[in-house]
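Here is the structure we will look at, set down as structure tokens.
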Amino acid sequence: MSMLTIFRISVFIHLSAALLWPIHVFADESRPVYVEITQLTKTGYRVDWKVPPVLPEYALPEIHLPADCNHTGVDDDQITSFNGSILYACSSLLTGRDISIVYPVINPALSAIIRLRTLNEEEYIGVLPPQELSWQVPEVETQFSVALQYTRLGVVHILAGLDHLLFMTCLLWIAGGMRRILIAITGFTVAHSATLILSSLEMIRVPIPPTEAVIALSIVFLAREIAVNRKDSLTWRFPASVSTSFGLLHGLGFASALAQVGLPQTALLTGLLSFNLGVEIGQLLFVGAISVLFLAGQLGFHLWRKENPNGGSLILGMARLRALGSYSIGIVSSYWLVSRIADFAKYQQ
């Protein structure tokens with residue numbers, strides 16, 4: 001058994017564990033809780049929120065402003081169980097004070113993004129990992145705080161974006177060797193960075209639903225390549241060409257996520273580059289996790305070989321694992337593809 005095969009086995013063990021989650025969780029892609037606070041007058045604010053539908057209604061979080069902020073109205077037409085808009089009147093400005101997210105039961109590992117937009121068009125953003133439930137609005141948004149928050153946002157997005165991670169997992173399987181992996185990931189990084197920047201600066205515009213659908217199609221494509229296992233195909237011989245081509249599409253997906261939060265107008269370039277840096281850090285963390293599994297798989301293989309020197313059933317077992325992994329990915333990504341195509345009608349409305 002070659003080291004390359006052991007690496008692929010380790011990758012798919014990691015993948016198989018992930019696929020034990022229900023498909024509807026994958027469909028929501030672990031999106032964070034999103035809160036946008038807009039200052040309407042000197043003392044008036046509107047709080048809009050959106051919660052991903054992975055939570056049951058009894059576990060939905062509440063947004064808590066400081067104690068001197070009181071409800072002044074609710075837009076009933078815009079409120080559902082998972083999103084809505086409430087008006088508040090506060091006796092003083094929100095800058096320098098805490099905004100909290102309170103879960104009635106427990107936070108099921110959801111991140112949160114809180115965005116505050118003031119009357120003078122200043123924007124503040126807080127990115128909260130699951131273990132943090134409170135954000136203190138800074139008195140002044142500095143370049144460093146913008147860089148820190150948008151880097152954090154990029155990390156959260158890539159690690160919560162299971163479609164991107166499944167694509168990378170398939171890519172790592174096909175690339176195999178470390179040199180080919182490095183080249184493929186470099187191509188993916190350059191490509192998605194280019195389209196992320198161009199789209200965020202509105203130099204190119206592509207509708208979001210078709211982009212998301214083609215991203216799902218890219219995963220279906222790689223899953224099929226792994227299932228068929230034809231080593232003479234263009235994908236297997238030149239994985240960098242595939243990663244670069246599809247990286248352009250994934251960059252548009254990153255840009256759509258960034259557009260939902262928005263870029264700080266006072267530090268636009270800092271926010272954009274920091275978000276892209278966060279995406280790259282998230283990718284490296286994921287590849288690092290796969291590498292740890294590779295080392296664990298290598299150790300386990302050597303121990304197994306010592307106890308079973310003539311174990312010929314391992315190759316058959318690995319073929320079954322490859323089939324299980326590729327078909328599982330294909331099913332999940334096909335589900336995404338169909339559901340995202342169904343969203344075309346909503347987009348046209």
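As a calculated quantity, the FRET efficiency between VAL338 and THR266 at R0 = 35 Å, using C-beta atoms, amounts to about 0.25. Shape of the stretch 100-188 from the C-alpha gyration tensor: oblate (a/c of 1.5 or more and a/b not above b/c, with a ≥ b ≥ c the square roots of its eigenvalues). Between LEU285 and GLU139, the distance separating the two model label sites (each 7 Å from Cα on the Cα→Cβ line) works out to 3.1 nm.
Label-to-label distance for LEU182 and ILE106 is 4.3 nm, based on points extended 7 Å past Cα in the beta-carbon direction.
In the context of the full set of protein chains, the stretch 167-244 has a per residue accessible area of 45 Å² (1.4 Å probe). Here the calculated FRET efficiency for LEU93 and LEU234, from their Cβ-Cβ distance with R0 = 51 Å, stands at 0.30, rounded to the nearest 0.05.
Between VAL190 and LYS306, the FRET efficiency estimated from the beta carbon spacing at R0 = 41 angstrom works out to 0.40. The phi-based Karplus calculation (6.51 cos²θ - 1.76 cosθ + 1.60; θ = phi - 60°) puts the 3J(HN,Hα) values of the stretch 127-141 at 10, 10, x, x, 7, 10, 10, 9, 9, 8, 5, x, 5, 9, 7 Hz, whole numbers, x for Gly and Pro. How much net charge surrounds VAL242 when only the other residues with a Cβ under 15 Å from the Cβ of VAL242 are counted, with Lys and Arg +1 and Asp and Glu -1? Value of the local net charge: +3.
The values are calculated or read from the model by the stated rules, or taken from the named source; none is laboratory data. Please read these numbers as outputs of a predicted model, since none were measured by experiment. Ideal geometry is used to build each Cβ from the backbone, glycine not excepted, and the neighbour counts take in all protein chains shown. In case anyone asks, the SASA skips ligands and DNA or RNA and just uses the protein heavy atoms, side chains included. Shrake-Rupley method; radii C 1.70, N 1.55, O 1.52, S 1.80 Å.
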